[in-house]
1. Quick one: the Cα spread of segment B:71-217 along its three principal axes, in angstroms, biggest first?
2. Collect residues whose amide H, placed 1.01 Å from N in the peptide plane, falls under 5 Å from the amide H of B:Leu168; neighbours closer than 5 in sequence don't count.
3. To the nearest 100 Å², how much accessible surface do chains B and A hide from each other in total, with a 1.4 Å probe?
4. Taking 20 Å² as the minimum loss, tell me which residues in segment B:46-65 lose that much accessible area going from the chain by itself to the full protein complex (1.4 Å probe).
5. Regarding segment B:100-163, what is the average projected area of its C-alpha convex hull, in nm²?
6. Using a Debye calculation, one point per C-alpha and no hydration shell, please list log10 I(q)/I(0) for segment A:1-42 at q = 0.26, 0.27, 0.28, 0.29 Å⁻¹ in order.
7. So for segment B:1-122, Kirkwood radius off the Cα pairs, Stokes-Einstein at 4 °C and 1.567 mPa s: how many µm² s⁻¹?
8. If you roll a 1.4 Å probe over the protein assembly as shown with all protein chains in place, what percent of the accessible area is carbon or sulfur?
Amino acid sequence: MKFLHYWRAMWGIIWRECWRFVTQRERFVSALVRPLVWLFIFAAGFRSALGLAISPPYETYILYEVYIVPGLCGMIQLFNGMQSSLSMVYDREMGSMRILLTCPLPRWFLLLSKLLAGTAVSILQVYVFLGIAWCYEIRPPIPGFGWILPALTLSGLMLGALGLLLSSFIKQLENFAGVMNFVIFPMFFMSTALYPLWKIKESSALLYRLAEYNPFSQAVELIRYALYGQFNQTAFVYTLAALIVFMTLAILGYNPSKGMMTRKGGSG
Amino acid sequence: MKLAFSQIDSRATALSVKDLSFSYGGKKALDHVGFEIQAGECAVLLGPNGAGKSTLFALITRLYDARSGRIELCGFDIKKQTSKALGRLGVVFQQSTLDMDLTVMQNLDYHAALHGMGGKFAKQRIQQELERLNMYERRKEKIRQLNGGHRRRVEIARALLHKPSLLLLDEPTVGLDVPSRQDIVEYVHHLAKDENIAVLWATHLIDEIFPEDKLIILHKGQIEAAGSVAEILQQTGVATIKEAFYALTQGTQE
């Protein structure tokens, strides 16, 4: 009976998130436009500027467009994770978060369900993006589309957990611009999404180290290797560890006795 | 599926708050608050703005965690037996908590899922509660299309879906017109009287109080008085609740 309760609640949360995503068409379109602009415009412009040597998992010389596709898959998930965090702040301001948190289930389970719901939405977006990239002649091996699913699930959960963690600290929607400047942009540009690590090393040893230890880099590498049928153990362990750390901190952030909730004050 | 409401006997304590204190940083919001509400009792929590009503509600719903004191819902400690306690609680928050882009039915389906209800049983419960509030015909409309009074009705239906033993209402009539207010006040009193549900109703509107209600007057985080309307009037030596309220809150204006 208890199991059924958990099951229904989890699907209820996932259903609500997916329904909201489907009904917000502009959100779906903008989630796709962003990586497509990078692929069709930015990558096309930089094709000749960035020479890429053969490096795993690629077995031959590749075009820049091919290189950045896994990074753009990561970008979709990064933005989606932050979007989920934004929707959590919105839910809290609008009050619907209260209804979720006052239902008779453990808080960690509710947050995990929220996280799964956000990840499901991001995976859907990535597959649509890969479909468009396929039409643009960027064609990874077909089995890669299957291998990428567990990688996307892990990276999506990790980036979603980061979003959850941030949402427990963000007081108001207005502060979300700060997240863009201080989290999304540094994470994205200081990663292997747009250029390989050895390229960064040529410019700055410090940046190289920061990019190497950036969890987003590891998530992108996990996706990159999986798309070409290979398993990157280091990236897997690192992404998993980041997920555990972010999720633990997010649960603490939403814990009524230890977290931020009680510092926000009440109205009456 | 068995639901909690049928399990509570007519004189059981639905809510017990003992020696509850809470501070935001250094500012004390609640100071040694204690009271009980029995099944079938409608308790009105009366207090001016800033009295600590919303904080008390956040503690009872465990959005905040009480560092000192104890809260029990139907005998279950909110801190140690959180899920069991919350399963017996229905809440209508001051601010609307409905999803505006979903329909009435979708909002209630979501709530039913969170409480582990599914399939025919959930549909049946939703129909029952909406029909009682004359909202079943509007189940396919988006919340955004409803007026304030109807949204509140949906929230009350939602709070009752899982048959709670205790219903919390945090100023549910704020911003509503007189007929909508009247309907809600009467409906909630009917729930307490005829369905044996314990109600804790936070308000600062004195005209929402019925003579048979229990009154809890909260001021600056402390309970100034608690008892039946007659007891409070006798204790303060005045003729009306309004005068009693002002006497107890030392002339605080709303």
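1. Principal-axis extents of the Cα atoms in segment B:71-217, largest first: 40, 40, 26 Å.
2. Answer set, sorted by chain and number: B:Gly90, B:Val91, B:Val92, B:Leu200.
3. About 3100 Å² of accessible surface is lost on pairing.
4. Buried by 20 Å² or more upon assembly, which counts only protein chains, are B:Gly50, B:Ser54, B:Arg62, B:Leu63, B:Tyr64, B:Asp65.
5. On the way: hull surface 14.9 nm².
If I average the Cα hull's projected area over directions, I get 3.7 nm².
6. The calculated log intensity ratios at q = 0.26, 0.27, 0.28, 0.29 Å⁻¹ are -0.82, -0.84, -0.86, -0.89.
7. Details: Rh = 16.2 Å.
In µm²/s, the coefficient is 80.
8. Summing carbon and sulfur atoms, their accessible area is 59 percent of the total for the protein assembly as shown.
The values are calculated or read from the model by the stated rules, or taken from the named source; none is laboratory data. Worth saying up front: this structure is predicted, and the values here are computed from it rather than measured. Cβ coordinates were reconstructed from backbone atoms using ideal geometry, including for glycine residues, and neighbour counts include every protein chain displayed. Just the protein is used for accessible areas: all its heavy atoms, side chains included, with ligands, DNA and RNA removed. Shrake-Rupley method; radii C 1.70, N 1.55, O 1.52, S 1.80 Å.
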